[in-house]
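Shown next, in structure tokens, is the structure this report addresses.
A short reminder: the numbers here are calculations on the coordinates, not readings from a lab. In this text the structure is predicted, and so the values were computed from the model without any measurement. Here the Cβ positions follow ideal geometry from the backbone for every residue, glycine too, while neighbour counts run over all protein chains shown.
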């Protein structure tokens, strides 16, 4: 057996015997996994399938109807009849799921999706207003180490003492800077954004595109437990297709506006943003789409349209709130005092005097996986931050319940006691039987709740 497959087997064992608390990770179904590993990986499909108006409340266009309407073919290669049907299914399901007029299902990642939207609407040097990285924003929202930060002028807004968006600051900056895009999105934010309020602020900025990066909460939106920015006047919503949406790793762009052929260059206006985005994805920022991943997205969107996905989304939030409450009982200090979604941010430095990376590495030793994360006022730097970030999408997929959240919080506290008692060098060298006992308890709990698909 090739060494690669041996390592894959080891990773399978790690996933089975541990508990994934990283809020951006999840487990896909066997059907999604099968589509992602299918023979569609052999096919080149640069361009787009022929379509017209396959949004939420519009008829799905069959091959016959497309031919009758003479919509043409937007692919650069032949042999696309099956791939076209799959991609149109993915588009129509995504539109129905998120109340969109159009969906581009080709972005390889959330980062690619964001960059395509910037390229569709902005010119180099234009201003984009987004949540700053220390406040909980994402790297692609203007971090200096990214490519887009060298192309556009990003201005950051922050959060208030409660951990919510500082809407007064956002409005002040928007009026002063007159940005081309106001972006609501995050990677470490525990509140529900006030999309209606942001939409009213955007009216004071002529020609401003309202964009929401909902990568973390797309599954909660699909499940009806989080508001949908597209229902509040936002023009564009980007997301990853994994995380709470429980699909393959990839990106998705949803938009409101005119849907037409991407071949003809449209007028640069907000009504044409779906067409501008299609042109920005291909050929603007990407080459050929990964059609095996597009197929897996279509399967995942179909699963998310089923009634049971709504129950799953509700259980994610219930588990997150139960875990937050249990952690507070164990002495953990939470940023913002808790959570309104799937994500929890712990101020581990203030809680117990150790940094987030130390705690992350210690939890790895027992099979509890989360990630170190900076806090809004952090001085520790990216590699020794004061916080850790965790969430409940993956463990909810495995069927863990609110009572199990109390067990996880207690296990985490026991690891803290070892960390504080032994210190980092001793812990990461040999902490003896204490960590081994906790690891066995984690394994026992994990094996009671098998990972779907493997």
Within 10 Å, count the other beta carbons around each residue, average over each peptide in 170-183, 274-287, and list them highest first. 274-287, 170-183
Measure of size requested: the Rg and Dmax of the chain, with Cα atoms as the atom set and Å as the unit; please supply both. 22.5, 74
With an 8 Å Cα cut-off and a minimum separation of 6 or more residues, compute the relative contact order for region 37-304 in percent. 25
Simple SL model, points at 7 angstrom along Cα→Cβ for residue 420 and residue 310; separation in nm is 4.5
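Suppose we look only past 31 Å in the calculated P(r) of region 37-304. What percent of the Cα-Cα pairs does that tail hold?
Every Cα pair in region 37-304 considered, those over 31 Å come to 22 percent.
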Report, to the nearest 10°, how far helix 433-447 tilts away from the longest principal axis of the Cα atoms in the chain, using its own Cα long axis and a range of 0 to 90°. 40
May I ask for the percentage of alpha-carbon pairs in region 78-164 that lie more than 23 Å from each other? 43
Per residue, how big is the convex hull of region 330-374 when only Cα atoms are used? Give it in Å³. 86
Give me the one-decimal nm value for the distance between modelled label points at residue 39 and residue 196, 7 Å along each residue's Cα-to-Cβ direction. 5.3
Fewest Cβ neighbours within 10 Å first, please rank 194, 433 accordingly. 433, 194
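So for the chain, averaging the separation of alpha carbon pairs under 8 Å that are six or more residues apart and normalising by length, what relative contact order in percent results?
Here the relative contact order equals 22 percent.
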A student asked for the Cα radius of gyration and Dmax of region 123-228 in angstrom ought to give 13.2, 38
Here D for region 1-52, in µm²/s, from Stokes-Einstein with a Kirkwood Rh over Cα pairs at 37 °C and 0.692 mPa s, works out to 226
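Return the FRET efficiency for the residue pair residue 361, residue 261: r is the Cβ-Cβ distance, R0 is 41 Å, and the value is rounded to the nearest 0.05.
0.20
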Considering only the chain, what is the antiparallel percent among its DSSP beta bridges, to the nearest 5? 55
Once all Cα-Cα distances of region 369-411 are split into 10 Å bins that start at 0, what whole-number percent is in each one? 25, 39, 27, 9
